[in-house]
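Student: A single structure is presented below for examination.
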Amino acid sequence: MLRLLFPALVVVSVLCGHGTESATTKGKAQALNCFTEMNEARAAAGFPAFANATEAGQILPEHSALVDINSGTLWDQICKKIVGDGEESSEIDKLVGTPAYYAGESDCEAAVKYWQGGFSLFSNSLPPKYTALNNPDVYTDRAVSFVALYNPKTNPVASCAFVTCTTTGGNEFAAQSLSRSHNGRILRRLEDNTQTTTAVLCLTNPKALNTGEAPFKEEEWQKIVHAIAGVEQGNGDSPVRPSLALGFIMILFSNGLF
């Protein structure tokens, strides 16, 4: 089962004497086809292409009911965690796999470039054995997204969605603070004290991170190094820039992954 923990955006509950009113967050999602961009990156490293996930629990559903997962409830729960409002994860826990997250518009190319940027976190060294989120320290959410993109497991599959989170209500001052709190997250301040947040989320399987194991073998890692170094030499522009955004999705797996 998959459990997602999202660090809250910077929201001021009490600031200069202005308390926040209760807010309501709702989520919806559309299936997104990022296979071309993801598989192009994988092919450059000699990894097999992702196939389309078909099994329950491996699919990020659109806003309609599945046999095992109520997608309406699922996306509401995910969005509440994105904005730091809610603890319930009954539907999230039904998902399995290693996810990749990009806070932004529906742009697969930008998402893949961001995930590739996680390469720089490993300082050109073979990623260490995984213990837990941020243990070792290198395993941030962006590093997890990088591993998800280059998932080395046999018969890899993926499912992607573009999620839109809408928050209404709450103190106007705090809402304005929220809209300025994170320039990497797409937050649109609408009329009537409403904000929207959008993101690309992909779920890859089989699980690429397991406790006590390194995600890549030496030969697999060298393929990735060669592929990314080749991109740098080819266009003179490194895809492994430092992260410009703070507080992305944090992913926790309740079945021993995190």
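Student: Which residue out of 138, 147, 163 is on the phi < 0 side of the Ramachandran plot, assigned to a loop (DSSP other than H, G, I, E, B) and in contact with a helix residue (DSSP H, G or I) (Cβ under 9 Å, 6 or more places away or on another chain)?
Tutor: Going through 138, 147, 163 in turn, just one is on the phi < 0 side of the Ramachandran plot, assigned to a loop (DSSP other than H, G, I, E, B) and in contact with a helix residue (DSSP H, G or I) (Cβ under 9 Å, 6 or more places away or on another chain): 138.
Student: Out of 77, 58, 30, report the one residue that is more than 28 Å from residue 119 (Cβ to Cβ) and at pLDDT 90 or above.
Tutor: Just a single option satisfies the conditions, and that option is 30.
Student: Need pairs with beta-carbon distance below 9 Å; first residue within 16 Å of residue 97 (Cα to Cα) and within the stretch 132-149, second of a type in the set (Lys, Arg) and not in a loop (DSSP other than H, G, I, E, B); sequence gap 6+ or separate chains.
Tutor: 149/42
Student: A further question on this structure: Considering only residues of the stretch 19-54 that are aliphatic (A, V, I, L, M) and within 18 Å of the chain's Cα centre (by Cα), which is surrounded by the fewest Cβ atoms within 10 Å (Cβ to Cβ)?
Tutor: Filtering the stretch 19-54 for residues aliphatic (A, V, I, L, M) gives 23, 29, 31-32, 38, 41, 43-45, 49, 51, 53.
When the remaining residues are screened for being within 18 Å of the chain's Cα centre (by Cα), the result is 29, 31-32, 38, 41, 53.
Details: 29: 23, 31: 13, 32: 20, 38: 26, 41: 20, 53: 20.
Here the residue is 31.
Student: For the stretch 91-144, which positions are of a type outside the set (A, V, I, L, M, F, W, C) and closer than 15 Å to residue 163 by Cβ?
Tutor: Residues satisfying the conditions are 91, 99, 101, 102, 104, 105, 106, 107.
Student: Restricting the search to the stretch 201-211, which residues are at pLDDT 95 or above and among the β-branched types (Val, Ile, Thr)?
Tutor: Result: 204, single match.
Student: Of everything in the stretch 192-220 that's of a type in the set (Asp, Glu) and either in a loop (DSSP other than H, G, I, E, B) or touching a Ser or Thr at 6+ places or on another chain (Cβ under 6 Å) (or both), which residue is nearest to residue 38 (Cα to Cα)?
Tutor: 213
Student: Within the stretch 21-59, work out how many residues are of a type outside the set (A, V, I, L, M), in contact with a Gly (Cβ under 9 Å, 6 or more places away or on another chain) and under 12 Å from residue 158 (Cα atoms).
Tutor: Looking only at that region, the number is 2.
Student: Say whether the condition of being surrounded by fewer than 20 Cβ atoms within 10 Å (Cβ to Cβ), in a helix (DSSP H, G or I) and modelled with pLDDT under 90 is met by at least one residue in the stretch 234-241.
Tutor: The answer is yes; a qualifying residue exists.
Student: Could you list all residues from the stretch 212-231 that are surrounded by 14 or more Cβ atoms within 10 Å (Cβ to Cβ) and either modelled with pLDDT under 95 or not charged (D, E, K, R) (or both)?
Tutor: Matches in the stretch 212-231: 214, 215, 216, 221, 222, 224, 225, 227, 228, 229, 231.
Student: If a residue must be under 19 Å from residue 33 (Cα atoms), of a type in the set (Asp, Glu) and surrounded by 16 or more Cβ atoms within 10 Å (Cβ to Cβ), how many such residues does the stretch 88-140 contain?
Tutor: So the count comes out to 1.
The values are calculated or read from the model by the stated rules, or taken from the named source; none is laboratory data. Keep in mind it's a predicted model, so treat the numbers as computed, not measured. Using ideal geometry, Cβ is built from the backbone for each residue, glycine included, and neighbour counts are taken over all protein chains shown.
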